[in-house]
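The values are calculated or read from the model by the stated rules, or taken from the named source; none is laboratory data. None of the values given here were measured: they were computed from a predicted structure. Neighbour counts are summed over all protein chains in view; Cβ atoms, including those assigned to glycine, are modelled from backbone coordinates with ideal geometry.
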Amino acid sequence: MQLLKESVEFPNLFSGDIELNRVAFTLFGTDIYWYGIIIAVGVVLAFTYAMKTAKKVGLIPDNLFDTAFISVIVGFIGARLYFCVFYNLMNPDAEDKYDIITAFTRIHDGGLAIYGGVIFGIITALIVCRIKKMPFLPMADVAGPSFLIGQAIGRWGNFINQECFGAPTAGDLPWGMTGTKIALDPIVIEAEKQNSTNVPVLVHPCFLYESLWCITGFLLIHFIGRRIKRFDGEVFLYYVLWYGTGRAWIEGLRTDSLYAGSLRVSQVVAIASAVLALIMIIYFRIWAKKNGKALYADTEISKERFAEYERKMLLEKETEKAKKALKNAEKNGTEKTVPLAPSILGDDEEEDKDGKE
């Protein structure tokens with residue numbers, strides 16, 4: 001196992017340090033990192049939430065799962081490519097620039113950009129929805145809160161890696177942190193040179209800020225946003241507005257931002273997306289009030305598709321039950337006393353029964 005033990009401290013909260021090891025365990029000679037495990041947990045919980053809430057927006061869970069599964073895979077690819085492209089742009093003379101191969105062979109270097117994941121994931125979902133003839137906007141309404149779950153949990157992977165932290169604080173921030181990797185950051189080193197106290201330079205735990213921001217946003221959108229929804233896609237816009245607003249100020253604290261010239265890329269995207277989402281929410285709520293268009297979940301086509309889906313699920317359940325009963329009957333030698341439900345099992349069972357008579 002590759003030992004990557006490090007530590008972090010919160011000296012204003014408690015004494016002592018927290019020892020960290022980025023490697024959780026080794027499987028067949030390959031190190032499995034906590035970062036990947038935490039991300040996976042976030043994805044699973046986001047999937048679970050999406051499946052549980054699919055019916056509320058009029059979507060068939062099976063179709064939603066297929067779309068979300070493909071979108072998540074492409075989203076991770078997009079998050080990595082987004083990071084690598086902007087890393088190369090802001091480091092044109094770097095020797096460790098990424099190409100299409102090293103972007104993925106050097107994945108353990110770290111570097112996933114959430115906006116790249118969201119953009120690629122949404123585009124993929126839009127394409128899959130068109131192919132499957134599914135409504136895209138209700139699916140987006142499920143995706144928004146799900147994203148917040150995944151992001152809230154995923155940020156704790158940054159804590160394990162000691163990354164995505166902020167600039168030095170005034171020194172007395174109760175939750176200010178430091179660590180073995182944090183202390184090596186050039187900005188922190190420069191701040192230490194100017195530090196005239198015995199207190200170590202502490203930085204903002206931006207991973208914690210964003211995790212708490214996402215949890216709060218999820219609770220607000222789940223319990224309030226969905227209830228005041230007036231048009232399909234509105235809940236997703238609440239996600240964009242909430243996350244963009246929080247990311248705009250959190251990004252301003254970070255020391256590892258991706259830049260385009262003098263502008264922080266994620267901060268610009270966050271501000272622009274939040275403003276656009278707010279405008280769209282106001283416009284489409286007024287439009288929905290004037291036109292009185294029903295939500296997809298309340299339309300006849302949604303109800304018909306659900307009725308057909310439920311009939312199919314019921315038939316599959318009854319078929320499986322009948323096959324199981326037949327199998328048990330044959331095993332016990334009592335097949336003549338067990339109803340064979342020929343309409344469920346098919347014509348072959350009916351013909352077999354006629355032949356015995």
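Scanning the stretch 50-73 finds no residues that are farther than 30 Å from PHE223 by Cα, in the same structural domain as CYS214 (by TED's automatic domain parsing), within 19 Å of the chain's Cα centre (by Cα) and surrounded by 15 or more Cβ atoms within 10 Å (Cβ to Cβ).
Selection of the stretch 104-129 for residues being of a type in the set (Gly, Ala, Ser) and at pLDDT below 85 yields GLY110, GLY111.
Does at least one position in the stretch 141-153 carry a residue that is surrounded by fewer than 19 Cβ atoms within 10 Å (Cβ to Cβ), within 26 Å of the chain's Cα centre (by Cα) and of a type in the set (Ser, Thr, Tyr)? Reasoning before the result, please.
Residues of the stretch 141-153 that are surrounded by fewer than 19 Cβ atoms within 10 Å (Cβ to Cβ), as a first pass: none.
Within the stretch 141-153 (the criterion being surrounded by fewer than 19 Cβ atoms within 10 Å (Cβ to Cβ), within 26 Å of the chain's Cα centre (by Cα) and of a type in the set (Ser, Thr, Tyr)), the answer is no, since none of the residues qualifies.
Inspection of the stretch 178-196 finds a residue satisfying the criterion of being in the same structural domain as ALA68 (by TED's automatic domain parsing), surrounded by fewer than 19 Cβ atoms within 10 Å (Cβ to Cβ) and among the basic types (Lys, Arg). When ALA94 is tested against (1) crowded, with 18+ Cβ neighbours inside 10 Å; (2) assigned to a loop (DSSP other than H, G, I, E, B), only condition (1) is not met.
Just to check your reading of the model, which residue among ALA79, ALA143 is over 21 Å from TYR238 (Cβ atoms) and small (Gly, Ala, Ser)?
On the way: ALA143 fails: over 21 Å from TYR238 (Cβ atoms).
From the options ALA79, ALA143, the qualifying one is ALA79.
Here the helices (runs of 4 or more DSSP H) wholly within the stretch 168-274 that include at least 3 residues being under 21 Å from the mean Cα position of the chain (by Cα) are 206-220, 234-251.
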